[in-house]
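Accompanying notes for the structure given below.
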Amino acid sequence: MAFTGDLSGSGAITANGTGTVVLSGNNTLAGAATVNSDATLVAASNNALGGTAGATTVNSGGTLGLQGGV
């Protein structure tokens, strides 16, 4: 699943289960990004994971990928 638009607000991103989530927008989310077991989250732009206020957590078995010169 790919999200190319901009995500904003106080919400969070959670990747669960098998498959890949690709974020490539100019995101300003204030919430955390979490990658759970068997999930893959790909940051495909410099601001894909949102603002600096939110943390990024990769749990055991999860994968965080970087692409596009990030």
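Return the residues of segment 38-50 that are assigned to a loop (DSSP other than H, G, I, E, B) and surrounded by 13 or more Cβ atoms within 10 Å (Cβ to Cβ); say none if nothing qualifies.
Passing the criteria: Asp38, Ala39, Ala44, Ser45, Asn47, Ala48, Leu49, Gly50.
Are there any pairs, at least 6 apart or on different chains, whose C-beta atoms fall under 8 Å, with the first in segment 13-30 and open to solvent by 20 Å² or more (accessible area, probe 1.4 Å) and the second polar (S, T, N, Q) and not in a loop (DSSP other than H, G, I, E, B), and if so, which?
Ile13/Thr34; Thr14/Thr34; Gly19/Thr40; Thr20/Thr40; Val21/Thr40
Out of all the residues in segment 1-8, is one or more in contact with an Asp or Glu (Cβ under 9 Å, 6 or more places away or on another chain) and on the phi < 0 side of the Ramachandran plot?
The answer is no; no qualifying residue exists.
May I ask you to list the residues in segment 35-48 that are at pLDDT 95 or above and of a type in the set (S, T, N, Q)?
Asn36, Ser37, Thr40
Among the residues of segment 8-24, count how many are touching a strand residue (DSSP E or B) at 6+ places or on another chain (Cβ under 8 Å), under 12 Å from Ala39 (Cβ atoms) and outside any strand (DSSP E or B).
Going through segment 8-24 one residue at a time, the tally reaches 1.
The values are calculated or read from the model by the stated rules, or taken from the named source; none is laboratory data. Everything numeric in this text was worked out from a predicted model, so none of it was measured. All Cβ positions, glycine included, derive from the backbone under ideal geometry; neighbour counts span all protein chains shown. With ligands, DNA and RNA removed, areas are computed over all heavy atoms of the protein, side chains included. Shrake-Rupley method; radii C 1.70, N 1.55, O 1.52, S 1.80 Å.
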